[in-house]
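Down below is the structure, laid out as C-alpha cells.
The values are calculated or read from the model by the stated rules, or taken from the named source; none is laboratory data. Small disclaimer: the values here were computed from a predicted structure and weren't measured. Neighbour counts run over all protein chains shown; Cβ positions are idealised from the backbone, glycine included. With ligands, DNA and RNA removed, areas are computed over all heavy atoms of the protein, side chains included. Shrake-Rupley method; radii C 1.70, N 1.55, O 1.52, S 1.80 Å.
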Amino acid sequence: MYGKTISIIVLFVFLIASYSIYMGTIDPTPYFSQLGKASSPCNSTTTGPGQPLRVFMYDLPRKFNLAMMHPNISDVEPITAENLPSWHQTSGVGRQHSVEYWLMASLLNNGRDEEEKEAVRVFDPELADAFYVPFFSSLSFNTHGKNMTDPDTELDRLLQVELMEYLENSKYWQRSGGRDHVIPMTHPNAFRFLRQRVNASILILVDFGRYPKEIANLDKDVVSPYVHVVESFAEDVVVVDGALDPFEARSTLLYFRGNTVRKADGKIRIRLEKLLAGNSDVHYVKSIPTTQNIKVSTEGMRSSKFCLHPAGDTPSSCRLFDAIVSHCIPVIISDKIELPFEDEIDYSEFSVFFSANEALEPDFILSNLRQFPKEKWLKMWEHLKNVSHHFEFQFPPKREDAVNMLWRQVKHKIPDIKLAVHRHRRLKVSDWWL
C-alpha cells in the first residue's frame with residue numbers, strides 16, 4: 001500500500017514539473033548552459049590540431065648568426081623577410097649545414113601563405129609553444145677555425161659560453177629547463193663545447209653519430225636532412241623512341257663520388273672501393289666537394305639507376321639527399337642511420353638497404369642490383385620523384401618542403417615536453433619510478 005502511495009506522489013510531482021516547464025515558470029537551461037560554458041585552462045594556450053606551431057624567436061646579436069655571413073650587418077636594424085641576406089655559400093660543406101639559416105628565415109615570413117605554414121612567429125613569448133634559438137652553431141664551427149685544434153675555435157667556444165649565459169638567465173629557459181627550446185646543430189662538431197648544457201632542448205640533428213644518449217635521442221630531438229648540394233632534377237623526363245624509359249636512359253648501374261677515407265663506420269668506403277673495382281657499370285671515384293666536382297656529381301647521379309650511400313664519419317651524409325633530389329634510387333649501407341620524417345615517409349618504398357656485413361660479401365651488392373626488376377625500379381623512381389619536394393630548403397618556404405616538415409616534427413614533440421615541464425614543477429622526487 002505504501003508503495004502505491006509513493007508511486008502516485010512521484011507521478012504527481014513529475015506532472016507538475018512538466019507543466020511548469022511548458023508554461024515557462026521553471027527554466028532548466030541555466031544549469032545546463034553553465035555546464036557547456038565551463039572553461040578549461042588546458043585549452044587556453046595550446047596549439048590545436050591543424051594550427052601552426054607558435055614559435056618565439058630570440059633576437060640575438062647578429063654575431064650569433066648573420067654576421068658570420070655578412071660581418072658589416074647592422075645589429076640595430078630589425079631583420080625582416082625583405083632585408084634578410086641570402087645564404088652566402090651556394091655549394092659544398094657550407095650549404096649542406098645551412099639548416100639553421102632556413103629555419104630562421106621561415107620565421108621571418110609571417111603574414112604570407114599562413115594556411116600552408118607549419119610554424120608562425122609570435123612576438124609575445126607567453127603565447128609560444130616553442131622557442132627558436134637562432135645561433136648558427138654549424139656555421140660557427142666552419143667559420144671559426146679550420147680544424148678541431150685551430151686556436152680560432154676559441155671564438156666558437158666564447159660564443160657558446162655567452163649564449164648559454166643569455167639563455168640561462170631567460171625566464172622562459174628557466175621555466176622549462178630549456179625543454180621547449182629548439183637548437184639547430186647539424187654539423188657533427190656544432191656546439192661541441194657546451195652540449196651538455198642543452199641536453200634537455202629539442203636539437204635539430206642529422207644523425208646521432210657523435211652524441212651520447214643523455215644528450216641526443218629520438219624521443220626529444222628531430223632528425224633533419226642535410227641541405228643537398230647538387231641541383232634538383234626538375235625536368236626528369238626521358239623519352240626513348242617516343243616513350244618514357246628512364247630505366248634504360250640511366251646507363252650507369254651504381255654511382256658513388258666522394259671521400260673514401262673516413263672514420264668510424266665510414267671505414268667501409270675503402271673496402272667497398274676494392275670490392276666494386278673493375279666493373280664497367282659501376283662508377284666509384286674518390287673526390288672532394290669542390291664546385292666543379294659537385295657539377296660532375298650532378299650529371300653522374302642523373303645518369304645512374306642507383307646511388308651508393310655508405311656511412312661516413314657519421315651514419316648520414318649529404319650524398320643521400322643529393323641522390324633523392326637527383327631521382328637516383330639510394331642504396332643505403334649504414335647500420336646506425338636515422339632518417340628524417342620517418343613517421344611520415346617510408347624509405348623502403350624508394351630506397352634499397354643493405355647491412356654492412358651484407359655489403360662486404362663479394363658480389364652481393366652487384367648481383368642484387370643487376371637482378372633488380374625494371375618494373376620495381378620504375379615504381380620506386382616514381383615514388384622518389386613524388387617525395388623529393390620534402391627535402392627542399394628554400395625561402396620563402398613552400399608547402400611540405402623540408403622547413404615545414406621540420407617544424408611539423410617539432411610540433412609532434414610539444415605534448416611530451418609539456419608533460420615533462422608540468423611534472424617537473426610539482427614533483428618533489430624526480431622520476432621516482434626509475
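For this structure, a couple of remarks:
- Segments 157-164, 307-314 sorted - mean Cβ within 10 Å per residue, highest first: 307-314, 157-164
- With every protein chain in place and a 1.4 angstrom probe, the accessible-area ranking of LYS428, LYS374, LYS336, LYS117, largest first, reads LYS428, LYS336, LYS374, LYS117.
- With all pairs of separate Cα atoms included, segment 168-224 yields a Kirkwood hydrodynamic radius of 11.5 Å.
- For SER98, residues with placed amide H under 5 Å, excluding near neighbours: VAL227
- When each of LYS267/LYS385; LYS63/LYS336; LYS117/LYS413; LYS220/LYS274; LYS267/LYS413 is checked by Cα-Cα distance, pairs over 28 Å: LYS267/LYS385; LYS63/LYS336; LYS220/LYS274; LYS267/LYS413
- Gyration tensor (alpha-carbon) shape descriptor, segment 239-389, a/c threshold 1.5: rounded
- Rolling a 1.4 Å probe across all protein chains gives LYS267 an accessible area of roughly 140 Å².
- Diffusion coefficient, µm² s⁻¹, Stokes-Einstein with Kirkwood Rh over alpha-carbon pairs of segment 117-182 at 10 °C and 1.306 mPa s: 116
- Accessible surface ranking for HIS70, HIS187, 1.4 angstrom probe, highest first: HIS70, HIS187.
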